[in-house]
1. Per q in 0.12 Å⁻¹, report the Debye log10 I(q)/I(0) for the stretch 2-146, using one uniform scatterer on each alpha carbon and no solvent.
2. Which GluC sites (Glu not before Pro) in the stretch 152-181 sit in a loop by DSSP (not H, G, I, E or B) and have at most 16 other Cβ atoms within 10 Å of their own Cβ?
3. Write down the Å³ per residue value for the convex hull defined by the alpha carbon atoms of the stretch 140-271.
4. Using the basic label-point model (7 angstrom from Cα toward the beta carbon), what is the D254 to A230 distance in nanometres?
5. Shape verdict for the stretch 70-199, please, from the Cα gyration tensor: rounded (a/c under 1.5), prolate (a/b greater than b/c) or oblate.
6. In Å, what Rg and Dmax follow from the Cα atoms of the chain?
7. Evaluate the relative contact order of the chain (contact order divided by residue number), counting alpha-carbon pairs under 8 angstrom at least 6 apart; express in whole percent.
8. Checking understanding here: applying a Kyte-Doolittle mean of at least -0.5 and a length along the axis of at least 18 Å (C-alpha), which whole DSSP H helices in the chain pass?
Amino acid sequence: MTEETAAEARVRVKVTRTLVRTPLVVGTVLLLAAIGFTLLGDDLSIFPFLLMLVGGWCFGFAFVNATLGMVPTRNGAILHLGVAIVLGAVLAFVVEFGGDLIEPFPDEVRGIAVVLQLAAIPATGWIWLALIGRITDFFARRDAKKRPSPVAPEWEREESGDGSIVRFPAVELRLRTLTQAIVGITVVGGLLGVALVIALDDIVMRMGPRMMILFLGITVALPVYLVFTAILRRRTVPCTVAFGNDELRVGVGDELHRIPFRELEFLRWRCRSDYARIEVRGAGADLSLFAGLAKPPRGFSAELPALPRRVYRRLELAGFTLEKARRGEVITFRGPSEPASRAPAH
């Protein structure tokens, strides 16, 4: 046990050094190059500007990795928090009063100061983003200890005894309809955002680009997203899917569809993400049930379980063609008469 712990510690130290030293070297080279361009009289063209931004980000990246590799973890978190606060305050001070402070110095010194100031912006931004992620992860892990993580629905033995069944909530919706709705909402939201910017021109111009994006996200994008998801979740219905010995049974609310395997034309199954769903076509049924968009019961996640192995065997023996996409996340079975789709599976 001690040897394993020591080996893990050596690996951690080696990885941490690589993720700290390499960005520091790269960042130093890029900033020196940016300073060189500036001193040669380049008036902040795009290339040296990119060198400053990427070089500054390298330093922020190296610092974050260094704090993540510290033992105990608490020391790294405290150092991360302290440096983030100090850098934020210093950067705000320099932006406000830096021009007056460097005014008496020669042009070369002012040029170097400008390079360092611009490089400090992405470095500080990355440090703050990592700090926010660290805090979020801390609270997420603390909440996970208090309550169990939601679990996916599971397959159960059906009462008839000839197969397995899974029960889950879903929204009956076609992917094409969902895509059209998203495009329409995006267009309408964009027009509302433009109208809002025009109406509040004086206020928006004083915000700056970052605050304007945040303002539009809070006032337009977030409400539209919440309303859209609420409308979809109101259409949630209880559903069941059961694979018997020779048929597929899909229940949508009070309606039950029985599809013999010999009449099944198409089956698509996706377990995770907002696009978790089952699509079935055959025997007069044409269904598309999104589990990822439905409101799950307490203690359960909005997803589907993986298909049982017996389903793969039965469908392949029945002559179905198996297709996998999205790194195996999307499983598609096509009947002998169903042409292969050229469109990517989502």
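Coordinate-derived values only; no laboratory data. In this text the structure is predicted, and so the values were computed from the model without any measurement. We place every Cβ from the backbone using ideal geometry, glycine too, and count neighbours over all the protein chains shown.
1. -0.61
2. Here the sparse-neighbourhood loop sites are E154, E158, E159.
3. In the stretch 140-271, the Cα convex hull volume per residue is 172 Å³.
4. Result for the modelled spin labels: 2.9 nm.
5. oblate
6. My reading of the Cα-based Rg and Dmax gives 28.2, 89 Å.
7. Dividing the mean separation by the residue count of the chain yields 13 percent.
8. 2-39, 46-68, 73-102, 107-146, 175-199
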